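The values are calculated or read from the model by the stated rules, or taken from the named source; none is laboratory data. Only a predicted model underlies this, so the values are computations on that prediction, with no experimental measurement involved. Positions of Cβ are generated from backbone atoms using ideal geometry, with glycine treated the same way; all protein chains shown enter the neighbour counts. Quick note on the areas: whole protein, heavy atoms, side chains included, nothing else; ligands and nucleic acids left out. Shrake-Rupley method; radii C 1.70, N 1.55, O 1.52, S 1.80 Å.
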Amino acid sequence: MVVVWRTAALSAGAVEYGPDAALGLSVESPEPSIEHAVALTGLSAGTEYHYRVLSGGAVAADGLSFRTFPVPSLDGEFRVVVFGDTGTGNQAQLDVAAGIRLSAPDVSIHTGDFIYPRGGSDIEMDRKYFDIYAETISRSVIYPTVGNHDLDDGGTVYFGSFHLPEDSPGGERYYSFEYGDALFLILDSNQGMGVGTAQYAWLEEQLAGSERLWKIVSLHHPLYAAWLAVEANRRALDPLFARYGVDLVFQAHAHFYERFYPMRNARAVAVGEDPDYQDPDAPIYVVTGGGGGSLAQRNPGANTAYYASVYHHVRLDFQGPRLLLSAVGRDSRVFDNMSISKVVAPVFHRGDGDGDGAMTITDAVRTLNFLFLGGSVPSCLEAADFDNSGAVDISDGIHVLNFLFRAGPPPSPPGSPTLDCGFDPDPLGSAGDLGCETYTGC
Ligand SMILES: [Fe+2]
């Protein structure tokens, strides 16, 4: 966790922090500065920390707290807020900011354009961003996406304001982070992102290399929108997102809210399931450009599931294999809802047909019982299918006995209970997949 703050005059900075109000730990900035960025070390995952900030020995901010990112897990629950096109400092922006505070996100994404009308200065950034979201920023990370107006001054204010992951060839221009069982990809639509660009190659590598259940993208200029969509970027990225199972793509620049049906090759799919999708296996594009900039009014097309020219933020509730999206208006009322549910097969040990976490003679008995004596169907057929032949048959019972008493061959992957639990190597619903309703031995 990095704590960042500015002071009017040169001063020595320090952050005191700890798991309770007594604090106890302390890190000092390396040298006097007006731009302080202090990395806190020795933190545990998923833990609440209290902290306070000191400049020149005097307390600059006190009574603050944050929670560190959790260890990724499938059953993790967390909340992400997405909003953008904010920088006016008007009442609409203040109202949306109050709603974001009420949503109390674990982490947020800003979809770009922090200062209107054009770029700006550090003072403008303070007035139109840091002051307005101060409470949210003090206790959770807001990841920025670079918008067109953020580059009006060459990006000096924007890049001077944020300390971002540098895990890409684009430095802080585009990057990724993980939270829970989700991968977030923050892209830069101000530069080339088509096939052959460094950004495209990095993006494909990130998507191909991730085993996270959820994949979420943010970029400023929209690929699908009733206004300002960039057709060339859509043609390049749409197939990539679909191929690698991107779930949601957040976009901005057009100042309204617009949610599309799942899109595959520019065609809407699973339209009849709206708004509660069963793993549509095609990305859902959402325009969220209503954070404070003057609203635009356009006519949505047939692929749009919901459109409203209103000030808002988007709330994402990750609940294990389910994801709920709520669009929240400036009055903090939810005006649009959508959910995506995924079927997640349990992990198991092969050869353990009775699911007790061990391979014993009872596994052979259980299988033969089921096959010949009218015993109940094993709750995890894949666990009973010792040789992963695609059928539970007499040979599976014999294999168990052979393995236990005659040094016969071990079960197929993910292997016997002496190894780690694992998934069936056959994809869900494929010809060789027998399914595994529940397995209690992991
Ligand atoms: Fe923009």
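General remarks:
- Tally of residues being assigned to a loop (DSSP other than H, G, I, E, B) and either in the same structural domain as Ile123 (by TED's automatic domain parsing) or polar (S, T, N, Q) (or both) across region 31-52: 3
One line per residue, one yes/no per condition, for (1) within 22 Å of the chain's Cα centre (by Cα); (2) under 29 Å from Val343 (Cα atoms):
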| position | (1), (2) |
| --- | --- |
| Tyr244 | yes, yes |
| Phe250 | yes, yes |
| Ala254 | no, no |
| Ala266 | no, yes |
| Asp276 | yes, yes |
| Asp281 | yes, yes |
| Tyr285 | yes, yes |
| Gly293 | no, no |
| Asn299 | no, no |
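- Scanning region 372-383 for residues that are outside any loop (DSSP other than H, G, I, E, B) and more than 17 Å from Arg350 (Cβ to Cβ) yields a total of 1.
- Among the residues of region 223-241, those identified as within 21 Å of the chain's Cα centre (by Cα) and open to solvent by less than 20 Å² (accessible area, probe 1.4 Å) are Leu223, Tyr224, Leu237, Asp238, Leu240, Phe241.
- Qualifying residue in region 196-211 (condition: crowded, with 23+ Cβ neighbours inside 10 Å and either under 24 Å from Gly290 (Cβ atoms) or within 16 Å of the ligand (Cβ to nearest atom) (or both)): no
- Of the strands (runs of 3 or more DSSP E) entirely within region 230-343, those holding at least 3 residues that are closer than 14 Å to Ile216 by Cα occupy 248-251, 284-288, 312-319, 322-329.
- Number of positions in region 81-91 that are more than 16 Å from the ligand (Cβ to nearest atom) and buried (at least 20 other Cβ atoms within 10 Å of the Cβ): 1
- Among the residues making up region 107-124, a single one is within 16 Å of the ligand (Cβ to nearest atom) and of a type in the set (S, T, N, Q): Thr111.
- Among the residues of region 125-151, the ones that are open to solvent by 20 Å² or more (accessible area, probe 1.4 Å), within 16 Å of the ligand (Cβ to nearest atom) and in a helix (DSSP H, G or I) come to 2 in all.
- Extreme residue, least open to solvent (accessible area, probe 1.4 Å), among residues of region 212-222 that are more than 16 Å from the ligand (Cβ to nearest atom) and out of contact with any Phe, Trp or Tyr (no Cβ under 8 Å at 6 or more places or on another chain): Leu213
- Yes/no for Val314 being within 20 Å of the chain's Cα centre (by Cα), within 16 Å of the ligand (Cβ to nearest atom) and open to solvent by less than 10 Å² (accessible area, probe 1.4 Å): no
- Top-ranked residue of region 309-368 - restricted to ones that are touching a residue at least 60 places away in the same chain (Cβ under 8 Å) and among the hydroxyl-bearing types (Ser, Thr, Tyr), ranked as nearest to Leu381 (Cα to Cα): Ser341
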